[in-house]
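The structure appears below as structure tokens.
The values are calculated or read from the model by the stated rules, or taken from the named source; none is laboratory data. Keep in mind it's a predicted model, so treat the numbers as computed, not measured. Neighbour counts run over all protein chains shown; Cβ positions are idealised from the backbone, glycine included. Quick note on the areas: whole protein, heavy atoms, side chains included, nothing else; ligands and nucleic acids left out. Shrake-Rupley method; radii C 1.70, N 1.55, O 1.52, S 1.80 Å.
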Amino acid sequence: MRTVYVCLNCACLYLPPESMTYPHIDYKASPVHCSLPECRSTVADTVGRIGVPEDVVAKWARRAAGLDGEPRRPRPGRRARGRRPASPAGRRSKLL
């Protein structure tokens, strides 16, 4: 089964050759961006800034797009730090 990749800039799905090189144009495919020039430059800057290898970032992008298992989402019901719980007596109602 071949791996489908997600572009970090335009969020398109693309399927490069299994060898990750395009032989007729001598271009190496990337696991984090498609072949558009603006995607190539933007993603190269982004990956360079975060300092994580492209393969790891590609796995994160695939997971976020739902291609590798279930996307991770924050747990429901978590409050922000420093916030007090709401008291039931402090709420307004139509009866008061």
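Details
- Scan of region 58-68 for residues that are assigned to a helix (DSSP H, G or I) and out of contact with any Leu (no Cβ under 7 Å at 6 or more places or on another chain), ordered by number: 58, 59, 60, 62, 63, 64, 65
- Identity of the residue in region 1-10, of a type in the set (Val, Ile, Thr) and part of a loop (DSSP other than H, G, I, E, B), that ends up farthest from residue 66 (Cα to Cα): 3
- Selection within region 11-42 - within 16 Å of residue 67 (Cα to Cα) and open to solvent by 40 Å² or more (accessible area, probe 1.4 Å): 11, 12, 13, 15
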